């Protein structure tokens with residue numbers, strides 16, 4: 001007797017990646033804590049820029065942002081955010097992004113170290129004629145659930161000196 005062949009069960013819409021992504025983003029927005037971001041410190045690589053150029057660049061990129069952060073089932077943070085600050089050339093820079101940080105407690109205290117990535121759409125007047133474009137950068141953090149310093153590093157862009165190699169630091173304050 002021949003074994004009955006069955007067609008594989010059709011997956012429901014709940015199994016589709018875009019549906020899962022929409023649900024994840026909705027969970028962050030609906031259940032996440034509200035965040036306030038304050039930027040104000042950048043450091044340009046001293047081996048990448050001349051001292052004269054560093055004096056011309058903005059190393060106090062003041063700005064503000066808002067977001068939502070959800071600690072997921074694994075204890076890691078997922079964030080959605082909007083951030084605007086003054087870039088290295090004193091021009092406005094805008095980010096709309098998602099960040100994921102794996103969190104590691106420090107000595108069983110409230111302090112924790114986070115490391116992860118951020119993917120975002122950004123707009124700068126000196127790239128692509130001000131047209132928004134996608135980017136991704138590494139991030140790390142140090143602090144508590146309620147307040148931490150979040151930093152990102154922009155690597156040198158190309159072999160020429162004077163482009164990239166910048167550390168950017170923001171303060172994230174979280175309110176439930």
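Read the figures in this text as sums done on the coordinates, not as results from a lab. Please read these numbers as outputs of a predicted model, since none were measured by experiment. Here the Cβ positions follow ideal geometry from the backbone for every residue, glycine too, while neighbour counts run over all protein chains shown.
Per residue of the chain, what 222 nm ellipticity follows from adding -39500 (n - 2.57) for every DSSP H run with n ≥ 4, rounded to the nearest 500?
Counting only the DSSP helices, I get -3500 deg cm²/dmol.
Any idea what the relative contact order of the chain is, in percent, if you count C-alpha pairs under 8 Å spaced at least 6 apart?
Here the relative contact order equals 20 percent.
Taking the Cα-to-Cβ direction at residue 169 and at residue 153 and moving 7 Å from each Cα, how far apart do the two end points lie in nm?
1.5 nm
With 10 angstrom as the radius, rank 77, 30 by how many other C-beta atoms surround their C-beta, starting from the fewest.
Ascending Cβ contact count within 10 Å gives the list 30, 77.
Mind checking the log10 I(q)/I(0) for the chain at q = 0.08 Å⁻¹? Debye, one equal scatterer per Cα, no solvent, two decimals.
-0.33
Give the Debye-formula value of log10 I(q)/I(0) at each listed q (0.15 Å⁻¹), with one equal scatterer per alpha carbon of the stretch 67-171, two decimals each.
These q points yield log10 I(q)/I(0) values of -0.67.
Could you please rank 44, 89, 95, placing first whichever residue has the fewest other Cβ atoms within 10 Å of its Cβ?
Taking fewest neighbouring Cβ atoms as first place, the list is 89, 44, 95.
Using Cβ counts within 10 Å as a stand-in for footprinting exposure, how do 26, 39 rank, fewest first?
26, 39
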